Amino acid sequence: MFGLAGITELWSGPEGPIHTVCLVTTEPDELMQSIHDRMPVIIPASGYSDWLDPANQNTARLKSFIAPYPAGLMTACPASTRITTRRCGNDQRYQGG
C-alpha cells in the first residue's frame, strides 16, 4: 500500500464551500515508464507526518518528495480492463498478485 501525494483546497464558490483535491504527479520511474509518461508522487511512510502537517513550512523537505518512487520498491502487474468501469464491484476489478 502506498501513500499518494495530494493537495486540497477549500474555497467559497457561488453556491457554497467547494472542496477540491489534486493528485500530484511526477516523471515515471524505470518500472512505470513503459506504462505511462507520469506517475503519482508516492510519499514514503517516514514522510507521512511531514507531508500531512498543514503547518509544515519546510519547502525543501516537501519538495524532496516530488520525485519518482524507487522502482525496486514496487511491482507492476496487469489489471483487468474492467478497472475503469463502475459497473462491477471493487473485488472484481483488480487481477494482480
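Odds and ends about this structure:
- For 21, 41, the sequence from fewest to most other C-beta atoms within 10 Å is 21, 41.
- Ellipsoid semi-axes in whole angstrom, largest first, where each is sqrt(5λ) of the Cα gyration tensor of the range 3-92: 26, 23, 12
- Here the Karplus relation 6.51 cos²θ - 1.76 cosθ + 1.60, evaluated at θ = phi - 60°, turns the backbone of the range 46-52 into coupling constants of 5, x, 3, 5, 5, 5, 8 Hz, with x for every Gly and Pro.
- Close amide-amide hydrogen proximity is noted between residue 6 and 24, each under 5 Å apart and 5 or more residues distant or on a separate chain (H modeled in the peptide plane; Pro and chain starts excluded).
- Residue (of 77, 39, 20) at the positive-pole extreme of the range 3-92, dipole from beta-carbon charges: 77
- The fewest-to-most ranking of 27, 15 by surrounding Cβ atoms within 10 Å reads 15, 27.
- Residues 46, 80 arranged by fewest to most Cβ contacts within 10 Å: 46, 80
- Added length on full extension, which subtracts the Cα-Cα distance from 0.36 nm per residue, residue 62 to residue 27: 10.9 nm
- Theoretical gain in end-to-end length, residue 20 to residue 71 [0.36 nm per residue, Cα-Cα removed]: 15.4 nm
Every number in this text was worked out from the coordinates using simple rules, so none of it is lab data. Everything numeric in this text was worked out from a predicted model, so none of it was measured. Heads up, the Cβs are rebuilt from the backbone with ideal geometry, glycines too, and the neighbour counts pull from every protein chain shown.
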